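Structure, as structure tokens:
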Ligand SMILES: *Cc1c(COP(=O)(O)O)cnc(C)c1O
């Protein structure tokens with residue numbers, strides 16, 4: 001008699017993006033003439049860099065000839081790409097070995113799968129608000145109690161509140177936690193950790209033998225000087241941190257699929273000496289994963305240096321110009337906004353303490369603009385909405401013009 005993984009039943013109902021889609025569709029049905037302007041989901045919209053496309057075309061040509069055809073590659077990723085990633089990190093003064101990199105089909109699956117190598121009884125801390133996969137993967141993994149609908153929290157989870165008072169960058173927890181998920185630049189708040197703020201977490205983790213899972217998917221969006229792009233810029237971080245990153249937001253690989261995870265050899269935890277966690281993740285990937293697409297890897301390699309890098313940087317600049325347009329437009333309307341300077345996300349405070357789903361409905365109804373209600377990212381996301389700068393320029397301009405025409409707050 002088969003049974004299901006009951007932990008799925010604990011997942012908070014009405015997952016954020018399906019609920020946005022449901023409300024948007026319903027509204028469109030009642031307003032069939034209206035053109036909806038989307039600043040909601042964080043999905044890239046601009047064409048892949050030319051150099052990346054050329055590299056992928058060349059790879060397809062190689063695959064079309066039996067003399068140069070290759071089948072399965074290494075589960076950890078092709079050596080040439082791991083070495084290129086190693087060089088890429090040198091620009092931040094970070095030196096890692098190729099065998100510390102694990103190439104994957106994206107950061108989201110790595111962020112979900114990484115919990116496989118940790119025990120069931122680890123206490124988990126997340127930044128609140130947070131990218132949903134950190135929480136949901138641990139709910140399914142059985143590391144939480146039930147969802148409290150009043151508090152919008154899972155029992156047994158530690159929420160590190162990120163709010164206006166702390167500039168959306170929390171301090172390390174008071175008590176002992178075992179796994180800590182951090183994301184900088186942050187999705188959804190757009191906040192970035194300084195060296196000092198990140199060092200406080202590294203020191204905490206070293207002291208408590210905790211492990212930090214650091215998501216740096218937006219590191220290339222840092223435009224201001226002086227912020228760490230990698231957690232390994234912090235002394236001691238190799239002993240306590242895993243870093244996850246992706247080509248999705250840097251080079252437009254959201255559909256191509258390619259990411260990487262770094263598990264340093266020096267990483268330790270309570271019952272694992274240096275080398276053990278690196279070997280465990282290696283084992284996990286070799287057992288459950290058959291490697292990222294070789295076409296995607298050829299494209300990723302091209303994105304890391306030379307023309308491909310410059311063209312990827314230009315993509316980031318394009319989205320950051322959208323971010324500027326959004327940030328300035330919303331400010332003129334009288335809203336209080338954060339982020340959008342070192343991140344493609346603008347975190348806008350709802351007017352007059354309005355609940356975030358109510359503001360979502362208002363923006364849809366009166367401006368025909370879709371944003372993401374902050375409450376969907378955790379309890380501290382209430383009273384904020386996330387506005388995404390992923391979109392064609394002309395649509396972003398239209399959306400902001402519509403908001404400026406229809407809303408005004410003093
Ligand atoms: C978009 C995003 C990713 C990237 O996920 P992929 O699976 O590589 O596309 C990772 N982390 C965060 C916080 C993101 O917003």
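Looking across the range 39-61, the residues that are under 28 Å from residue 347 (Cα atoms) and within 16 Å of the ligand (Cβ to nearest atom) come down to 39, 40, 41, 42, 43, 44, 45, 46, 48.
Summed over the range 98-135, the residues that are crowded, with 21+ Cβ neighbours inside 10 Å, over 30 Å from residue 164 (Cβ atoms) and within 9 Å of the ligand (Cβ to nearest atom) give a count of 3.
Can you tell me which residue within the range 340-367, out of those that are free of Cβ contacts under 8 Å to residues at least 40 places away in the same chain and in a loop (DSSP other than H, G, I, E, B), is farthest from residue 183 (Cα to Cα)? The residue in question is 354.
Out of 265, 273, report the one residue that is free of Cβ contacts under 8 Å to residues at least 12 places away in the same chain and more than 16 Å from the ligand (Cβ to nearest atom).
Details: 265 fails: free of Cβ contacts under 8 Å to residues at least 12 places away in the same chain.
Criteria check complete, one pass: 273.
Here is a list of conditions, (1) over 16 Å from residue 244 (Cα atoms); (2) touching a helix residue (DSSP H, G or I) at 6+ places or on another chain (Cβ under 7 Å); (3) part of a loop (DSSP other than H, G, I, E, B), and residue 130 meets all of them except one; can you say which number that is? Status for residue 130: all satisfied but (1). Just one of the numbered conditions (1) closer than 30 Å to residue 47 by Cα; (2) buried (at least 24 other Cβ atoms within 10 Å of the Cβ); (3) more than 16 Å from the ligand (Cβ to nearest atom) is not true of residue 259: (3). Here the condition is being in contact with a strand residue (DSSP E or B) (Cβ under 7 Å, 6 or more places away or on another chain) and within 11 Å of the ligand (Cβ to nearest atom); of 201, 214, 250, it holds for 214 alone.
With within 20 Å of residue 92 (Cβ to Cβ), touching a strand residue (DSSP E or B) at 6+ places or on another chain (Cβ under 9 Å) and part of a loop (DSSP other than H, G, I, E, B) as the only criterion, which of 267, 335 stands out? The conditions single out 267. Just so you know, in the range 173-197 the residues that are in contact with a helix residue (DSSP H, G or I) (Cβ under 9 Å, 6 or more places away or on another chain) and within 16 Å of residue 122 (Cβ to Cβ) include one that is farthest from the ligand (Cβ to nearest atom), and it is 176.
Values quoted throughout were computed directly from the atomic coordinates according to the rules given, and no laboratory measurement underlies them. The model shown is predicted, which means the values in this text are computed figures rather than measured ones. All Cβ positions, even for glycine, are placed from backbone atoms using ideal geometry, and neighbour counts span all protein chains on display.
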